[in-house]
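Visitor: What follows is a structure written as structure tokens; I'll ask about it next.
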Amino acid sequence: MAADNESLREMLRSFIAQQTEFNEYQRMINAAAQARLNGIQDELTEFKDQTNAKFAEVSAKFAEVNAKFAEVNAKFAEVSAEFAEVNAKFAGADARFQGLANDAAEVKGGHAYIMTIQRPEVVAERLEFYYDRVITAGELVDMTRELPEVIPNDSERESFLNADLVLKVKDKVNMLTNYISVEISYTGQERDSQRALRNAGFLRQFTGRPARAAVASVKNDVATQAYIESAELLWYRIRAADLQPS
């Protein structure tokens with residue numbers, strides 16, 4: 001019995017010794033783990049600090065770049081404003097030049113008109129007819145009053161009454177009476193051609209006589225030139241030199 005107790009006490013002492021050794025081992029492991037954890041936390045803190053510093057540096061760069069973009073945009077806005085100002089000045093100049101061009105065209109057209117109506121005999125001769133006389137505006141009015149059904153449209157009647165020049169002539173071959181409706185401008189345009197052709201048609205209906213359409217001009221646009229080449233339209237060519245002041 002005493003031997004059993006001694007054996008039991010020996011086992012207990014051995015267990016206590018092993019437990020003490022285990023506890024020491026456990027403490028060492030815990031201490032190592034805590035040290036590693038502390039190291040990891042330090043590393044994380046350092047990494048976080050480095051990352052924050054890098055982000056701060058990048059943010060500063062972005063701010064600098066944004067400032068540069070703002071500066072460039074301001075320069076572009078300034079340049080755009082200058083271009084707009086230049087374009088406005090060019091537009092004003094173009095408008096002035098166009099106004100001068102229009103004025104010059106009106107002056108040229110006026111010279112062409114005056115020279116042509118002052119030389120009806122020459123116009124008739126150049127168009128291969130014998131000159132008889134100029135049909136007055138009063139005679140045109142009388143025609144529209146006697147046969148109002150010929151031109152029922154008010155605008156066309158007004159255009160007919162404002163014809164630039166209407167000649168009564170004789171055909172050089174058969175000596176029959178003819179009429180010529182002449183539209184006058186520096187540059188013969190399609191609207192001049194159509195007006196002359198339309199008025200010549202009205203003259204045929206009013207008089208029962210042949211009537212031709214003509215333009216008196218220095219030059220012609222493509223449409224008018226086509227009418228002339230097809231013989232639908234006669235052309236009294238005004239020399240540009242004749243329009244110059246003597």
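The values are calculated or read from the model by the stated rules, or taken from the named source; none is laboratory data. Remember, it's a predicted structure, so these values are computed and weren't measured experimentally. Cβ sites come from the backbone with ideal geometry, for glycine too, and all protein chains shown count toward neighbours.
Visitor: Whether any residue in the range 142-159 is surrounded by 15 or more Cβ atoms within 10 Å (Cβ to Cβ), touching a residue at least 40 places away in the same chain (Cβ under 8 Å) and closer than 22 Å to THR116 by Cα is what I want to check.
Guide: Checked the range 142-159: at least one residue is surrounded by 15 or more Cβ atoms within 10 Å (Cβ to Cβ), touching a residue at least 40 places away in the same chain (Cβ under 8 Å) and closer than 22 Å to THR116 by Cα.
Visitor: Can you find a residue that is exposed (fewer than 13 other Cβ atoms within 10 Å of the Cβ) and out of contact with any strand residue (DSSP E or B) (no Cβ under 8 Å at 6 or more places or on another chain) anywhere in the range 120-136?
Guide: yes
Visitor: Confirm whether ALA196 is aliphatic (A, V, I, L, M), under 27 Å from ASN153 (Cα atoms) and surrounded by fewer than 20 Cβ atoms within 10 Å (Cβ to Cβ).
Guide: No: the conditions fail for ALA196.
Visitor: Among the listed residues LEU167, LEU203, identify the single one that is touching a helix residue (DSSP H, G or I) at 6+ places or on another chain (Cβ under 6 Å), buried (at least 22 other Cβ atoms within 10 Å of the Cβ) and at pLDDT 95 or above.
Guide: None of the others qualify; the one that does is LEU167.
Visitor: If LEU233 satisfies every condition in (1) surrounded by 23 or more Cβ atoms within 10 Å (Cβ to Cβ); (2) of a type outside the set (Ser, Thr, Tyr); (3) on the phi > 0 side of the Ramachandran plot but one, which is the exception?
Guide: The single condition LEU233 does not satisfy is (3).
Visitor: Answer yes or no as to whether ASP242 is closer than 19 Å to PRO120 by Cβ, more than 37 Å from the chain's Cα centre (by Cα), at pLDDT below 95 and not hydrophobic (A, V, I, L, M, F, W, C).
Guide: Taking the combined requirement at face value, the residue satisfies it.
Visitor: Check the range 93-111 and report whether any residue there is within 22 Å of TRP235 (Cβ to Cβ) and at pLDDT 60 or above.
Guide: The answer is yes; a qualifying residue exists.
Conditions tested, residue by residue: (1) within 16 Å of LEU127 (Cα to Cα); (2) within 37 Å of the chain's Cα centre (by Cα).
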| position | (1), (2) |
| --- | --- |
| ARG157 | no, no |
| LYS172 | yes, no |
| ILE180 | yes, no |
| ALA200 | yes, no |
| GLY208 | no, no |
| VAL215 | yes, yes |
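Visitor: Working only within the range 197-226, note down all residues that are closer than 30 Å to PRO148 by Cβ and touching a Gly at 6+ places or on another chain (Cβ under 9 Å).
Guide: ALA211, ALA213, VAL215, ALA216
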